[in-house]
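Trainee: The structure follows.
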Amino acid sequence: MKRALDGLYPPICELCGCGLKDGKVLCEACEEKLPRIASPFCETCGESFFGQVDGPFDCPNCKDISFQFEFALAAMDRCKETLELIHRLKYGKEIHLADGLGKLACGVLSDRRFQILLREKWLLVPVPLHPSRLRKRHFNQAEEIAKVVAKQCQLPMMNVLKRVRKTSTQTRLSRKQRLENLKKAFELRNTWKMKPPATLTTVRGVILVDDVFTTGSTVDACAKALRKAGVKRVAVLTVLRG
Ligand SMILES: [Zn+2]
Ligand SMILES: [Zn+2]
């Protein structure tokens with residue numbers, strides 16, 4: 001089936017339009033050009049910094065905040081091309097981009113802390129969409145990305161959360177308003193609420209998966225719901241640092 005479609009629509013790089021042979025979504029040159037998060041970066045929120053950082057330092061993004069997750073890390077640093085790919089996936093419904101973005105997200109797994117979580121087989125949990133948004137979009141981009149990560153690194157993935165509060169678009173809100181808006185926005189799905197699955201309480205921890213990490217308020221609200229359900233440790237993996 002895929003081959004037949006390839007014949008009709010020869011695969012091209014989604015950024016520069018050059019022809020591709022290997023079923024990827026980006027050509028090598030474009031993929032290499034996209035900036036990755038590299039050391040030094042904040043050990044808590046994954047914000048990257050220029051220059052040398054010796055020893056612990058105060059991150060301007062999270063120094064006065066205590067998150068419900070232990071740490072968050074994005075694979076890719078801010079750039080308009082990566083953001084464009086994510087927007088095309090989410091708003092343009094170009095679901096075929098999930099594969100390439102999921103594979104880019106796997107870049108964080110070389111981080112020494114993620115290496116441990118991989119060995120301990122932590123559970124991947126995508127950040128859920130509100131049902132009304134899911135009906136419009138037909139898929140949850142975080143889940144599509146999590147599926148690729150699960151397959152690539154052979155970790156289990158489960159949809160254990162649901163979004164119970166419809167939060168209007170967050171971009172124009174202040175940090176404080178966002179946090180207020182997100183309080184109690186997430187819960188365990190009903191089936192898990194009745195009888196928490198063995199995996200949720202016996203698993204060493206949960207890796208929350210989302211497309212973009214901006215202030216961390218969304219994943220923090222998810223982490224809070226998971227911790228309330230008895231999950232001991234939570235880390236966060238995203239494709240992009242927004
Ligand atoms: Zn290209
Ligand atoms: Zn930070």
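Any read-out appearing in this document is the output of simple, stated calculations on the displayed coordinates, not a laboratory observation. All of these numbers come straight from a predicted model, not from anything done at the bench. In this analysis, Cβ positions are derived from the backbone assuming ideal geometry, glycine residues included, and neighbour counts consider all displayed protein chains.
Trainee: Quick one: if the Förster radius is 25 Å, what FRET efficiency do Phe139 and Lys80 give, using the C-beta to C-beta distance and rounding to 0.05? Could the numbers behind the result be given before it?
Mentor: Values: r = 24 Å, r/R0 = 0.95.
Working from the Cβ atoms, E equals 0.60.
Trainee: Taking H placed 1.01 Å from N in the peptide plane, check which residues at least 5 places from Ser48 or on another chain put their amide H under 5 Å from its amide H.
Mentor: Under 5 Å from the amide H of Ser48 lie the amide H atoms of Cys42, each far enough along the sequence or on another chain.
Trainee: Over the residues of region 76-215, compute the C-alpha Rg and express it relative to 2.2 N^0.38 Å. Intermediate values should be presented prior to the final figure.
Mentor: Details: Rg = 15.5 Å, N = 140, 2.2 N^0.38 = 14.4 Å.
Dividing the Cα radius of gyration by 2.2 N^0.38 Å gives 1.08.
Trainee: Can you classify region 94-141 as rounded, prolate or oblate using the Cα gyration tensor, where a ≥ b ≥ c are the square roots of its eigenvalues, rounded means a/c under 1.5, and otherwise it's prolate if a/b beats b/c and oblate if not?
Mentor: Details: a/c = 4.16, a/b = 1.86, b/c = 2.23.
Oblate shape, in that a/c is at least 1.5 and b/c is the bigger or equal ratio.
Trainee: Next up: Please give me, ordered by residue number, the trypsin sites (Lys or Arg not before Pro) of region 110-170 that lie in loop per DSSP and have at most 12 other Cβ atoms within 10 Å.
Mentor: Numbers: sites: Arg112, Arg113, Arg119, Lys121, Arg133, Arg135, Lys136, Arg137, Lys147, Lys151, Lys162, Arg163, Arg165, Lys166; in loops: Lys121, Arg165, Lys166.
Listed in order of number, the matching sites are Lys166.
Trainee: While we're looking at this one, here's another question. Fewest first, what order do Glu32, Glu14 take by the number of other Cβ atoms within 10 Å?
Mentor: Glu32, Glu14
Trainee: Could you give the nm distance between label points at Cys153 and Asp64, where each point is 7 Å from its Cα heading toward the beta carbon?
Mentor: 3.3
Trainee: About its Cα centre, what dipole magnitude does region 26-104 give when the only charges are +1 on Lys and Arg Cβ and -1 on Asp and Glu Cβ, stated in debye to the nearest 20?
Mentor: Values: 9 positive and 14 negative charges, 73 e Å.
Around 360 debye, computed over region 26-104.
Trainee: If you don't mind, another one. Nearest 500 deg cm²/dmol is fine: what mean residue ellipticity at 222 nm does the chain get from its DSSP H runs of n ≥ 4 alone, each adding -39,500 (n - 2.57), divided by its residue count? Walk me through the numbers before you get to the answer.
Mentor: Working: 11 runs with 91 residues, N = 242.
Calculated at 222 nm, the ellipticity per residue is -10000 deg cm²/dmol.
Trainee: Mind giving me the nanometre distance, one decimal, between the label points for Arg88 and Gln115, set 7 Å out from Cα along Cα→Cβ?
Mentor: 3.4
Trainee: Just to verify a number: FRET efficiency for Ser48 and Lys195, C-beta to C-beta distance, R0 = 41 Å, to 0.05? Before the final figure, lay out the partial values.
Mentor: Values: r = 42 Å, r/R0 = 1.02.
Plugging the Cβ-Cβ distance into 1/(1 + (r/R0)^6) gives 0.45.
Trainee: Turning to a different aspect of this structure: Could you work out the local net charge near Thr202, counting Lys and Arg as +1, Asp and Glu as -1, over the other residues with Cβ closer than 14 Å to its Cβ? Could you put the intermediate results ahead of the total?
Mentor: On the way: positive: Lys121, Lys195, Arg204, Lys232, Arg233; negative: Glu120.
Net charge in that neighbourhood comes out at +4.
Trainee: Rounded to whole Hz and in sequence order, give me ³J(HN,Hα) for region 100-106 from the Karplus expression 6.51 cos²θ - 1.76 cosθ + 1.60, θ = phi - 60°, writing x for Gly and Pro.
Mentor: Once θ is set to phi - 60°, the couplings for region 100-106 become x, 5, x, 5, 5, 4, 4 Hz.
Trainee: Which value, in debye to the nearest 20, describes the size of the charge dipole of the chain about its Cα centre when Lys and Arg Cβ atoms bear +1, Asp and Glu Cβ atoms bear -1, and nothing else is charged? It would help to have the intermediate numbers written out before the result.
Mentor: Working: 43 positive and 26 negative charges, 294 e Å.
Computed about the Cα centre, the dipole is about 1420 debye.
Trainee: Within a 10 angstrom radius of the beta carbon, how do Asp211, Asp220 rank from fewest other beta carbons to most? Mind showing how you got there, number by number?
Mentor: Values: Asp211 25, Asp220 20.
Placing the least packed residue first, the sequence is Asp220, Asp211.
Trainee: While we're on this one: So between Leu179 and Arg165, what do we pick up on full extension, going 0.36 nm a residue minus the alpha carbon distance?
Mentor: Numbers: separation 14, 0.36 × 14 = 5.04 nm, distance 1.28 nm.
Stretched fully, the Leu179-Arg165 segment lengthens by 3.8 nm.
Trainee: Taking other Cβ within 10 Å of each residue's Cβ, how do His87, His138 sort, fewest first? Write out the running numbers ahead of the final one.
Mentor: On the way: His87 16, His138 8.
Placing the least packed residue first, the sequence is His138, His87.
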